[in-house]
Every structure is written in C-alpha cells, then in structure tokens.
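A.B. asks: For reference, the structure I am asking about is given below.
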Amino acid sequence: MDQLARTSLVVGATVAAVSVLRRAMKPRTGHAPSEKPTYGAFPNRVLVVGGGFAGYMAAKTLCELTEDRDDVGVLVISRENYFAFWPMVPGIIGSEVDIGNIAQPLRRPLIEAGANFQRAELKDVDFERKVVIADGGKEFPYDHLILALGSQPNFFGVPGVKEHSLALGGLADALRIRNRVIERFEQATLDPGQLPDPRLTFVVIGGGTTGVETAAEIHALVHEALAPDFPDIDVDEVRIFVIEAGQEVLGELDPALRRAASMELVARGIKVITGVRATGVMADRVKLDDGREIRTENVVWTAGIRPNAKLEDLDLPLTERDGVEVDEHLRVPSRPGVWAIGDSAAILQGGGKLAPPTAQAAVQEGRVAARNVLAAIDRREDELEEFEYRPLGQLVELGSRFAVNEVMGVRFSGFAAALFWRAVYLSKLESPQNRARVAADWIVGLLFRPAATQIRDLV
C-alpha cells in the first residue's frame, strides 16, 4: 500500500510538472516592459505598499483591468522582492520543500504584468502632499494609495515569549525552527542528558492551522530525516507538545475534522493540551495557567498575529486591535484616495465579525480593491463594490500523507486529502518555475530520505 501511495504521488506530481512546463513555454501577451512609460508619467498613479497576497493581487488585477489603457500607472513598493507562499512555509521545517522554491518573485511577474516595482521600506506617508516616504528619504507620489503592509506575531504581553521563543512569521523563521531541531540533536548526541531532555522537547504554542502544521513538520523532521542519522538518540524520547487555549485544536474547522486531526496528532505521539494558556516562557520551561510547567528549551509561537506595527506611526484611523478602519468598499475614512486591505485592515463583515487574516481573504480583497480603485479613477462611484468575504474552504496538511479538508461544504481527510492539498496549492503558486521546483521537491522527497543538513550562518 505504501508503495502504491508513493507511485501515485510520483505520477501525479510528474503530470503536474509537465503541465507547469507547458504553461511556462506559452508565449506571453501584453505590453513589453520597455513599452510602458515610467510610473510618474501616468495621469493616474496607483501606489501599492506591500507585496504579500493582498498587495500583489491588487496590483496584478489592476494591470489586467487596464491592459489596453495608457492612463493608469501601477507601482508596488515592498521591503522584499519576493513574497512567501504561506501555506507551504511549514513544509520548510520538515524538509519537504526548499526555502527558495516558495519565495515567489515579485519584480518579474509585476513587470511582465505592466506594473513597476521598487524594493523599499515605507517610513511615512504625507497624506496632504499624497507622497509615500521610504527609507533614505525617497519619495513616491500617488493619486491612489493601497496599504497592504501585512502582519507580525502578536505575543499578547506574555512574559518571555519574545526573548525565549521562535515565532513563525516567515521563511527565515521556518528555517530557524528547522535548524533549532537539528542543533538540539547535535547537542544531545555530543553530550547526552537526563530524560526527559528539555533539549529534545518542542512546545508549539497555538493550535490553529499554523501551529498544528508546524508540530506535524517537526515530527516529520525528527522521525523521517534525523532518526536514521542519530542512532544513539531514541526518537520516542523526543517530546512534541501543542498548547491551545481553546477547547480543541483547529477551532475554525468542522468538529469532525478537528477530531480527525487530533486523533492523527495523538497517533504520532504529539501531545495536545487544550483549554490552557501559556503564562510565561523562560529559557528552560513554559508555564501554563493551570499550574503545570513543561521543561523545554524549544518554544515555537504560533498563537496569533497583529497588523503591522508600522501603521501606528501613520496618521490613520485604527481599531483597538490596530487594524486600519475601512468602509465597505475598503476605503479609509477621512483619507481620500487611500485604501487598506489584507492583514493591515479591519474589514467588517456580517454579524460584526472581521474578515479573517488568511491568504484566501487577502486575494479576494486585492481583487475588489483593484476594481474599486479603477471605478474611483473613472468617477463611477455608484459602481463601487462592497467587499464580502466568500470562503471556499479550508485545507490543513499534517505531513505529506494526511490532511483534513473542507471544500464547498465537502469534508474529507486522510491520504486523498493530502493529495488534494498538494494539487490545489501547487496550482496556486504564481511562478511557473516555483511550481516546477516544488513538484520536483515532492518527487525527490518520495524517493530519498530528507537531508539533515544545518547551514548555521544563513539565519
């Protein structure tokens, strides 16, 4: 059965790779980059700050809508010239994908779409002059400004978290977690300690999608990559915990899928503790609010995010949780020509709830913002769309052979769900090269055991 599963995965990944290559070789359409005027030469300048899912999709959609027009210029500025394909980030920890293969390029696809791109970090906004000020004092004028600054970890004031934990907020963080696990194995084999060894105890705080996937990838790294290379370490003595304040992990999923995921974690020996909160993190332990302590030197924080703290430095209306206030059309009140989307924005939905800080929501927000900006440019105010988040489903992968999915009301789990997870997210990678390389990573992973290399000077 295992051989059949491997063969199926190889065949499926090969077909996907061939499809990617065929798409990559198709001739491109649209304007050549040399044919486009510079950003400042356009009568209507749209400046997008932030190159994540929301910002990238807003810029790309606006370019598609104005492909045959010569009056709208689009410029994206971002601190990095790539954006992380977040659903695959935990896979870096378990060596399922190479870090470079899920760092999607920004400059090339934006230039090819007809936009301009500059790698720069926002420092301030002069709303009266309609100018964004970046590092080095560089100024970027705009007629419409779309803020998509993303998010950062939220530590909720828990003592010691910032100093003694690894927060998973991006590609480098995933690599740090992977390196930490390997480093602890190197230390334990050189100088064995008493059991249970806090060096070989890994605590993931936060039982949402990111936390559960992170715990599963740590387990995969330990049992599939490290175990054969460290025969003097009994991997059954390696402890992995998931701490969740709610009554169940994956609280956003259907109860049946939550149970399926919990049972899979327990079957792998991952200890799930629910209904408790971390009250303190120290160098050698985690304190819980029920009085228990877990001796560990490895804490991963995935318990929450908050809007980018840079927003506090800008003269913008913010909610109590620091998200930018927007109306139903994604416009910022009292700031003409300014829009906010993604994790930076507090977008009110029905029932008083906010749009979730997910990639799925960010993509939808980017598209609506692009259409509304164009309607505002054309003075079609009566055609502005109200943003309504339409969830298509949720996919959670617990390693390469198990996932829990809910798609359009259909719920399924197991190996078939894992295949579906990979097919869906492979197709959603924007770069054809990234698709081909990720597919190759998965094929190689089926044929060979992951390497347990630790390049310590990278992070």
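A.B. asks: Compute and list, largest first, the equivalent-ellipsoid semi-axes of the stretch 402-459 from the alpha carbon gyration tensor, each √(5λ) rounded to a whole angstrom.
C.D. replies: Details: eigenvalues 142, 49, 29 Å².
Computed over the stretch 402-459, the values are 27, 16, 12 Å.
A.B. asks: Right, here's the next one. Provide the per residue accessible area, probe 1.4 Å, for the chain, rounded to a whole number of square angstrom. Walk me through the numbers before you get to the answer.
C.D. replies: Values: 21570 Å² over 459 residues.
I get 47 Å² per residue for the chain.
A.B. asks: For the stretch 168-225, just the Cα atoms, rotate onto the principal axes and tell me the three extents in Å, largest first.
C.D. replies: On the principal axes, the stretch 168-225 reaches 34, 21, 19 Å in Cα extent.
A.B. asks: Order 214-225, 352-363 from most to least packed using the mean count of other Cβ atoms within 10 Å. Numbers along the way, then the final one.
C.D. replies: Numbers: 214-225: 23.8, 352-363: 18.1.
Per-residue mean Cβ counts within 10 Å order the peptides as 214-225, 352-363.
A.B. asks: Further, regarding this structure: Where the accessible area of the chain is counted over protein heavy atoms with a 1.4 Å probe, how much of it, in %, is carbon and sulfur? Don't skip to the answer; put the middle values down first.
C.D. replies: Numbers: 10920 of 21570 Å².
Looking at the chain in its full context, I get 51 percent from C and S.
A.B. asks: If you look at just the Cα atoms of the stretch 171-319, how large are its Rg and its Dmax in Å?
C.D. replies: Cα only, the stretch 171-319: 16.9, 58 Å (Rg, Dmax).
A.B. asks: Expected output is a single nm value to one decimal: the length gained when fully extending between L318 and D70, i.e. 0.36 nm times separation in residues minus the C-alpha distance. What is it?
C.D. replies: Net length gain for the segment: 85.8 nm.
A.B. asks: Where Rh denotes the Kirkwood radius from the mean inverse Cα pair distance, what is Rg over Rh for the stretch 317-459?
C.D. replies: Details: Rg = 20.1 Å, Rh = 18.4 Å.
My calculation of the ratio gives 1.09.
A.B. asks: Still on this structure: Using only C-alpha positions, report the orientation-averaged shadow area of the convex hull of the stretch 93-136, nm², one decimal.
C.D. replies: Numbers: hull surface 21.4 nm².
Mean orientational projected area (the stretch 93-136, Cα hull): 5.4 nm².
A.B. asks: While we're on this one: For the chain, what are the DSSP H helices with axial Cα length of 24 Å or more and mean Kyte-Doolittle hydropathy of at least -1.0? Intermediate results must be reported in sequence, preceding the final value.
C.D. replies: Values: long enough: 2-24 (33 Å, 0.76); 171-190 (29 Å, -0.17); 359-377 (27 Å, 0.53).
Answer set is 2-24, 171-190, 359-377.
A.B. asks: Among the lysines, which fall within straight-line cross-link reach of K271, defined as a Cα-Cα distance under 29 Å, with same-chain neighbours fewer than 8 residues apart omitted?
C.D. replies: The qualifying lysines are K162, K287.
A.B. asks: Quick one: which of 388-397, 128-137 comes out on top by average Cβ neighbours within 10 Å, and what's the full order, highest first?
C.D. replies: Values: 388-397: 16.6, 128-137: 13.7.
Descending packing order for the listed peptides: 388-397, 128-137.
A.B. asks: Once label points are set 7 Å from the Cα along Cα→Cβ at both M408 and D378, what is their separation, rounded to one decimal in nm?
C.D. replies: 3.0
A.B. asks: Please compute the Kirkwood hydrodynamic radius over the stretch 40-187, one decimal place, Å, based on all pairs of different Cα atoms.
C.D. replies: On the way: mean 1/r = 0.0578 Å⁻¹.
Hydrodynamic radius (Kirkwood, Cα pairs) of the stretch 40-187 is 17.3 Å.
A.B. asks: Follow-up. May I ask you to work out the translational diffusion coefficient for the stretch 330-401 at 25 °C, viscosity 0.890 mPa s, via Stokes-Einstein with Rh from the Kirkwood sum over Cα pairs, reported in whole µm²/s? Can you show the working numbers first?
C.D. replies: On the way: Rh = 13.7 Å.
Answer from the Stokes-Einstein relation: 179 µm²/s.
A.B. asks: Sequence neighbours fewer than 8 away in the same chain don't count; with that in mind, list the aspartates and glutamates whose C-alpha is under 18 Å from K310.
C.D. replies: Result set, ordered by chain and number: E80, E121, D124, D126, D135, E139, E320, D322, E325, D343.
A.B. asks: Calculate the length of the line joining the C-alpha centroid of the stretch 93-160 to that of the stretch 376-395, in whole Å.
C.D. replies: Cα centroid to Cα centroid, the span is 22 Å.
The values are calculated or read from the model by the stated rules, or taken from the named source; none is laboratory data. What you see is a predicted model; the values in this text were computed from it and never measured. Virtual Cβ from ideal backbone geometry, glycine too; neighbours counted across all protein chains shown. We work out accessible area using only protein heavy atoms, side chains counted, and drop any ligands, DNA or RNA first. Shrake-Rupley method; radii C 1.70, N 1.55, O 1.52, S 1.80 Å.
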